[in-house]
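Would you mind keeping the following structure in view while I ask a few things?
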Amino acid sequence: MEKNNQENIIKRRDFLRISSVLAASAFLLPLGRTNVYGAILSSQKKSSIPSVRLNNGVLMPRLGFGTNTLNGDVGERCVADAISVGYRLIDTAHIYGNEEAVGAGIKKSGISRDKLFVTSKLWVDDYGYETTKAAFQTSLDKLQLEYLDLYLLHRPRGDVKGSWKALEELYETGKIKAIGLSNFDPDQLAELMTYARIKPVINQIETHVFFQENIPYASMKNTVVQMEAWSPFAAGRNNIFSNETLATIGKKHNKSIAQVCLRWHFQRGVVAIPRSSQKAHMMENLVIFDFELDDSDMKTIAGLDLNRTQFPEWG
Ligand SMILES: NC(=O)c1ccc[n+]([C@@H]2O[C@H](COP(=O)([O-])OP(=O)(O)OC[C@H]3O[C@@H](n4cnc5c(N)ncnc54)[C@H](OP(=O)(O)O)[C@@H]3O)[C@@H](O)[C@H]2O)c1
């Protein structure tokens, strides 16, 4: 009896916390605004996270949930938690080894498939026309899904051309709603454009306050390829969560360093996919739509750019 009461209290507390976060994050940006890529923005139905319209017309949430290193039971729990607090974009990849866990988390959340935007990525070992099609089906099966919202070539290596052709065909069958790239530099992106029948909608690259990637940023803006930030917090490297400059800006707006970082990505028009294993952080990271960094904040953050990767070991 006492256990039941306690569970009820915890459920009620959870509900109140979630409601207050959702209420706070419901201060939406005006609808129909244009982002730096010239894409039309609109709010998602029944979600507090605004969307961007990709170059093929598909709507994508502008803030999502990253799952690298969230494996097994932890992965399943985190994905279910993330969906329960309001995330709709879930980012995984074959190489993370957690597609089953992500699929289980989606199932556990009880959300209907059409409310979600699920991304996965083809690993380089599977590049090539035939192997790409087989690897895609394996990912789909592991995720227990009938289609993916977005499928990316994880890295620009090997038979990119053969894999892209396979992605184009899968896209045409409707098994993937949008196709894109990850870790392509401007030259590699330009090369793919020379033979692509179907343009990539997105390029997911490392970008955060310490690696602002202004050249790819400008190049993607010109080609209407949406930029998406992996490791939007530099995975905590370079002491980002105790950076004094970011803390000072946060104090000014009564926001945390994490929220300042995510708001900065949002104002640049970059989709961010922060990862967290903690429900409190997941919720905190959603409350970025009720304040605005001013020009001087943006200028100060521009000054934090070290113009180099924080992950040199990934080559
Ligand atoms: N395409 C690619 O090649 C590529 C490469 C890397 C990553 N990615 C994608 O990008 C996603 C995000 O990148 P990432 O996982 O490297 O790291 P990240 O999102 O930059 O940072 C994650 C770290 O931030 C901490 N954190 C999250 N919210 C916080 C908050 N509010 N306050 C304090 N700490 C907070 C997390 O700790 P807690 O767990 O304690 O909250 C975790 O240690 C990945 O999960 C993956 O989906 C793609």
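Looking at residue 301, is it in contact with an Asp or Glu (Cβ under 8 Å, 6 or more places away or on another chain), assigned to a helix (DSSP H, G or I) and aliphatic (A, V, I, L, M)?
Numbers: in contact with an Asp or Glu (Cβ under 8 Å, 6 or more places away or on another chain): no; assigned to a helix (DSSP H, G or I): yes; aliphatic (A, V, I, L, M): yes.
In short, no.
Do any strands (runs of 3 or more DSSP E) lying entirely in region 50-113 carry at least 2 residues that are under 16 Å from the mean Cα position of the chain (by Cα), surrounded by 21 or more Cβ atoms within 10 Å (Cβ to Cβ) and within 13 Å of the ligand (Cβ to nearest atom), and which ones are they?
On the way: elements: 50-53, 59-61, 89-91.
Those strands (runs of 3 or more DSSP E) span 89-91.
Six or more apart or on different chains, Cβ under 6 Å: which pairs go from a residue in region 64-89 that's under 20 Å from residue 112 (Cβ atoms) to one that's away from the ligand (no atom under 11 Å from the Cβ) and among the basic types (Lys, Arg)? Could you list them?
80/108
Quick check on this structure: which one of 218, 258 is touching a Pro at 6+ places or on another chain (Cβ under 9 Å) and modelled with pLDDT under 95?
Numbers: 258 fails: modelled with pLDDT under 95.
Exactly one residue qualifies, and that residue is 218.
If the Cβ limit is 7 Å and pairs must be 6+ apart or interchain, which residue in region 268-279 that is touching a residue at least 12 places away in the same chain (Cβ under 8 Å) pairs with which residue that is among the charged types (D, E, K, R) and near the ligand (Cβ under 8 Å from one of its atoms)?
Pairs found: 273/91.
State all residues of region 158-191 that are within 16 Å of the ligand (Cβ to nearest atom) and either over 16 Å from residue 204 (Cα atoms) or more than 22 Å from the chain's Cα centre (by Cα) (or both); if no residue qualifies, say none.
Answer for region 158-191, where residues must be within 16 Å of the ligand (Cβ to nearest atom) and either over 16 Å from residue 204 (Cα atoms) or more than 22 Å from the chain's Cα centre (by Cα) (or both): 158, 160, 163, 167.
Report every pair of residues separated by at least 6 positions or lying on different chains whose Cβ atoms are under 6 Å apart, first residue within region 228-245 and without any contact (Cβ under 8 Å) to a residue 24 or more places away in the chain, second within 10 Å of the ligand (Cβ to nearest atom) and aliphatic (A, V, I, L, M).
241/257
The values are calculated or read from the model by the stated rules, or taken from the named source; none is laboratory data. Computed from a prediction, not measured in an experiment: that's the story for all the values here. Cβ atoms come from the backbone with ideal geometry, glycine included; neighbour counts cover every protein chain shown.
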